[in-house]
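**Student:** Let me give you the structure first, and then I'll get to my questions.
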Amino acid sequence: MNNKKQSVMAKNTLQALYLRNASSSERKPQILALLTSHMIGMEPGFSYLKKLTQKDITLRIYAEEEMLKQFPLHELVLRTGNDDWISSSMVHDQLIDHFDEIFLPILSFSLMKDLLSFNDQRPMVQIILKGLLKGKRVTALKAGVDPFSAYWQLKGMDKGPDILKRKLNQQMGELKILGLRLIDSNDQADFTVQQTKKTVISGETVRLAHLRKLDHIAVPKGAIITPLARDTAKELKIEIILH
């Protein structure tokens, strides 16, 4: 059997073993809620967060600076029923890796626009985009951007022009294409820990790096490195670096 076939077989076998072990392990879901302010939809967002405190999950909350200017932290704790808050300086790749899911209780016009334009200069958007690229599930309450909802009618904000409503509806569709899960405030979101595939570094991966004239490969912590990959890396003088 040649090296290429060995590499593929090892990769597939290790992937299957990982998924089988992951399905047998049970742990409490780790949820990161990102809080922003908006002209509509804040009450359902606060209410949903308060309900989540009754769930068997670990919920931590990050709020944008504008939100903290509008509401003192002690008031936000009362409104959400949660006192586990983190600052912007604490949000980094390792922290994002720790969470199973990102939750957006308040989806604003500006947040939707910045997500669709990939505005990574906004810290909250950067967190969401990193989460999506890392394979994290991102869920958002759509109350703040859904002009066809009963909530908008209740607030008397359902009388705008049809073109505005269609535009907002189109943008919600684009968010779904990006990978966001949009839910109603009365939906019971499933925050069950999802099975995720670990990165597998094979001999083929190392040879591809060699063809690209790389002298090292940076791989995420917890990645599976096959024996053939290590041998090939040694042979081609390519360093495998865990980060």
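Please treat every number below as a calculation from the coordinates, not as lab data. Just so it is clear, the model here is predicted, and its values are computed rather than measured. Cβ sites come from the backbone with ideal geometry, for glycine too, and all protein chains shown count toward neighbours.
**Student:** Tell me, in nm to one decimal, what length is gained between residue 162 and residue 86 on full extension, where the rule is 0.36 nm per residue of separation less the Cα-Cα distance?
**Tutor:** Full-extension gain reported as 23.4 nm.
**Student:** Under the rule of at least 5 residues apart or a separate chain, name every residue whose amide H is placed under 5 Å from the amide H of residue 181.
**Tutor:** Placed amide hydrogens put 138, 139, 140 under 5 Å from residue 181.
**Student:** From Cα pairs below 8 angstrom and at least 6 apart in sequence, can you work out the relative contact order of the chain, rounded to a whole percent?
**Tutor:** RCO, the chain: 22 percent.
**Student:** Let me ask you something else. What aspartates and glutamates does residue 237 reach when the alpha-carbon gap must be under 13 Å and sequence neighbours fewer than 8 apart in one chain are set aside?
**Tutor:** Excluding near neighbours in sequence, the set is 215.
**Student:** Just in the stretch 171-243: which trypsin sites (Lys or Arg not before Pro) are loop by DSSP and have at most 16 other Cβ atoms within 10 Å?
**Tutor:** Passing sites in the stretch 171-243 are 197, 198, 212, 213, 221, 237.
**Student:** While we're looking at this one, here's another question. Go ahead and run the numbers for FRET between residue 237 and residue 199, Cβ-Cβ distance against an R0 of 30 Å, rounding to 0.05.
**Tutor:** 0.85
**Student:** A further question follows. Please name which of 103, 228, 145 has its Cα lying farthest along the dipole of the chain towards the positive end, using unit charges on Cβ (Lys, Arg +1; Asp, Glu -1) and the Cα centre as origin.
**Tutor:** 228
**Student:** Filter the trypsin sites (Lys or Arg not before Pro) in the stretch 109-146 to those in DSSP coil with at most 15 other Cβ atoms within 10 Å of their Cβ, and list the result.
**Tutor:** 134
**Student:** Among the listed pairs 130/155; 50/159; 28/130; 130/221, which have their C-alpha atoms separated by more than 25 angstrom in this model? If you can, show how the numbers build up before the last one.
**Tutor:** Numbers: 130/155 34 Å; 50/159 30 Å; 28/130 22 Å; 130/221 16 Å.
Listed pairs above 25 Å: 130/155; 50/159.
**Student:** Under the Karplus relation 6.51 cos²θ - 1.76 cosθ + 1.60, θ = phi - 60°, what is the ordered set of whole-Hz ³J(HN,Hα) values for the stretch 92-98, x standing for Gly and Pro?
**Tutor:** Ordered by residue, 3J(HN,Hα) equals 9, 4, 5, 5, 4, 4, 5 Hz.
**Student:** In whole Hz, with x marking every Gly and Pro, tabulate ³J(HN,Hα) for the stretch 53-70 from phi via Karplus 6.51 cos²θ - 1.76 cosθ + 1.60, θ = phi - 60°.
**Tutor:** Per residue, the Karplus-derived 3J(HN,Hα) values read 5, 7, 7, 8, 9, 9, 10, 10, 10, 10, 10, 5, 4, 4, 5, 6, 6, 6 Hz.
**Student:** In addition: Treating the beta-carbon of each Lys and Arg as +1 and of each Asp and Glu as -1, no other charges, what is the dipole magnitude of the chain about its Cα centre, to the nearest 20 debye?
**Tutor:** Dipole about the Cα centre, nearest 20: 900 debye.
**Student:** Amide H of residue 219 versus every other amide H placed in the peptide plane: which residues, excluding those fewer than 5 positions away on the same chain, fall under 5 Å?
**Tutor:** 241, 242, 243
**Student:** Right, here's the next one. Using amide H atoms built 1.01 Å from N in the peptide plane, name the residues 5+ places from residue 225, or on other chains, whose amide H lies under 5 Å from its own.
**Tutor:** 201
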